[in-house]
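Following: one structure in structure tokens, then a few remarks.
The numbers here are math on the coordinates, done by the rules we state, and not lab data. Here the structure is a predicted model, which is why all the values come from computation and not from measurement. We place every Cβ from the backbone using ideal geometry, glycine too, and count neighbours over all the protein chains shown.
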Amino acid sequence: MSSVEILAPSAGSVIDVFVTVGQQVAAHEELLVIESMKMEIPVAAEVAGTVEEVLVQATDPVNNGDVVVRINRGS
Amino acid sequence: MSDERDPIPPTGDAGWSPELAELARRHEFVLGMGGTEGIARQHANGKLTVRERLALLADRNSLREFMGLMGDATYRDLELDSFVPRPSVEGFCTINGRKVVVSGGDFTVRGGSGGGGAHGGLGMEMSANRRALEWRVPYVRLLDSAGGSVRHFEEIGRTYLPDGNSFTWPDVRLLRVAPVVSAVMGSVAGLPAVNACMAHFNLMVKGTSQVFPGGPPVVKAALGYEVTKEELGGWDMHVRQSGVIDNVAESEEEALDMIRTFLGYLPQNVWELPPRSVPDDEPERRDEALLSLVSRNVRRAYDGHRAIEGVVDRGSFFEIGPLYGRARITGMARLNGYPVGIMANNRMFGASTDVAAGDKIVRLLQLCDTFHLPVVSLADEPGFSVGLEAERRGIERAGARLITTVCDTQMPWVTVVMGQLYGVAGQCHHRPSGMFQRYAWPSANWGSMHIEGGVAAAYRSEVANAQDPGAKLAEIELRLKAIASPFRTAEATGQDIIDPRDTRRLLCEFVEEAQPVLKTQLGPTSTPYRP
């Protein structure tokens, strides 16, 4: 059992969140999108696993390096 | 007739054994550095000693020290009593089998600070930077010293004019002759702080190294406020905010490793070609992911690193300045074993060229021009940054510097237009002279300015006088976008458009073709490297 933290790659605001707690995700699957400097920046799962926690929702501001999602890689 | 003669028989030491014993004793003092207490303090501060660092940096048993007997001695009855070595260790060594000059500050001796009574003058041996210059070999500085100290004034009973350029001029010349790396391994102030930047690449260690002309006590005296040395000159200040230092290492071991890696892309000096590695990746490899990298939605970001990884030899990319000016990725890589400089716009950070990104580009281009590496530009350029912050930092002068550098270089250059290419920043992905090749992906689009925004300016009266200005604007934009297809440009100019998956193969071919051209460019460049 190990939990992987997915970090916001830059400061901005969350436009859309595609996953909910308990959902299975594949590696590189898109989890959410952040708008920053007029760009839509996708945030993808670095590993496959189960979404353990979603710490943001649409319109939330985020800072560079904030934890936005935790994924459990399973045992 | 034979040249063979009997060997000269050993005839004893002719009475020189006391001198040999003294030499050994002096060596012992030198290896003891600033003494056990100073060494313990260095370790307690989470730092290695200069000799431990050199053991990690240099190939085994390759260090050949020079000026190693310099220091402060005391005598009793004309016999050597004690000896404190000078606060640095310098010498030749090899790194991956290649000769370099290395100079390491020794913080265990008086905090690495100058000192040392009445040394120098006539008969002084050649300095480390001079030797690197005259031997035409790379120079590595392991900086760990606090610069000058007013204590020194008291020792010599006078002050002196700050004529440091008398021994810094070889550092300036060396930047045009051989690769130079500065590693900041401790708190570094004064001339050593500036020497951190007299290099083609520099780095520091997270948490244990800081850079400033004057530290917290000097700031307090001059400006009246308290600041920690980490806040003032730590990695966050210099690797993220100021760009004074290119890279940060998590440990000293990693820092020394980075030096070895960086030097591996460069030749010994400007009269040689960069060394080709044994190719370990297929030049024909087609990365399928390149096809979907650039979205039709121009606001959709992707990581520019992905583009670089998709074209260079696997695992060969070494990023320079990864935390500064992040709209542009810059670094070194290999294509079919040949070292290249490579850069890519990064939409994850807006992609548009700001002053910080411009600084990085200028330094990469100068580096490649000086040491004869082809340059690869993976372009997705929205243009120079606009807005109040860009103006405050002087984006126009940065642009002028960038154009000047681009036009002054001569190394072979290949640009791949992956997405956007707009404005004067777009112009800086092109060089009108020398061996220059450009490819475009079908996703490419370009212009002297963007259609959005540009229409409102160029068709102002038509839009204003229309019955429905909004609809008119949209109609004109649609009309213009239809003619923005790269194929329309190709019809007129011959621009080559390629399948993104063929990029690696074409870049490998370009770099192969560049080799004979690079050979004709060996030697110093007409535009000297500026740090």
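Can you give the FRET efficiency to the nearest 0.05 for B:Thr94 and B:Leu31, using r as the Cβ-Cβ distance and R₀ = 25 Å? Efficiency computed from Cβ-Cβ geometry: 0.75. Positive-end ranking of A:Asn64, A:Ser3, A:Ile34 along the dipole of chain A, with charges on Cβ about the Cα centre, is headed by A:Ser3. In this rough spin-label picture, where each label sits 7 Å from Cα along the Cβ direction, the B:Asp280-B:Ser433 distance is 3.9 nm. Among B:Asp77, B:Asp313, the ranking by other beta carbons within 10 Å of each residue's beta carbon, starting with the fewest, stands as B:Asp77, B:Asp313.
With the highest mean first, a sort of the peptides B:159-168, B:79-88, B:329-338 on other beta-carbon atoms found within 10 angstrom per residue produces B:329-338, B:79-88, B:159-168.
Can you give the FRET efficiency for B:Gln515 and B:Arg314, using 1/(1 + (r/R0)^6), R0 = 25 Å, r = Cβ-Cβ distance, to the nearest 0.05?
The computed FRET efficiency comes out at 0.70.
Using only the C-alpha atoms, the convex hull of segment B:284-423 corresponds to 103 Å³ per residue.
Taking a straight line from the alpha carbon of B:Lys481, these lysines sit under 17 Å away, with near neighbours fewer than eight places off in the same chain left out: B:Lys472.
Computed over the alpha-carbon pairs of chain B, the distance histogram in 10 Å steps reads 3, 16, 24, 21, 15, 10, 6, 3, 1, 0, 0, 0 percent, short to long.
For segment B:57-118, what does the relative contact order come out to in percent, with C-alpha contacts under 8 Å and a separation of six or more?
Relative CO of segment B:57-118 lands at 32 percent.
Remark: spin-label model distance B:Ala222-B:Asn465 equals 6.1 nm, labels positioned 7 Å along the Cα→Cβ axis. Thinking of segment B:360-454 as a set of Cα atoms, what percent of all their pairs are more than 23 Å apart? Beyond 23 Å sits 26 percent of the P(r) for segment B:360-454. Diffusion coefficient of the protein assembly as shown by Stokes-Einstein, Kirkwood radius over Cα pairs, 4 °C, 1.567 mPa s: 47 µm²/s.
Computed from the Kirkwood radius of its Cα pairs, the Stokes-Einstein diffusion coefficient for segment B:347-411 at 10 °C and 1.306 mPa s stands at 127 µm²/s.
Each Lys and Arg Cβ is given +1 and each Asp and Glu Cβ -1; about its Cα centre, chain A then shows a dipole of about 100 debye. The Cβ shell under 14 Å around B:Ala193 holds other residues with a net charge of 0, Lys and Arg each +1, Asp and Glu each -1.
Estimated from the Cβ-Cβ distance and a Förster radius of 51 angstrom, the FRET efficiency linking A:Glu35 and B:Ala490 is about 0.90.
Can you tally the net charge around B:Phe384? Count Lys and Arg as +1, Asp and Glu as -1, for every other residue whose Cβ sits under 10 Å from the Cβ of B:Phe384. Taking every Cβ under 10 Å from that of B:Phe384, the sum is -3.
Normalised by the number of residues in chain A, what is the relative contact order in percent for Cα pairs under 8 Å and 6+ residues apart?
Reported as a whole number, the value is 45 percent.
Our summary gives chain B a relative contact order of 10 percent, counting only alpha carbon pairs under 8 angstrom and 6 or more residues apart.
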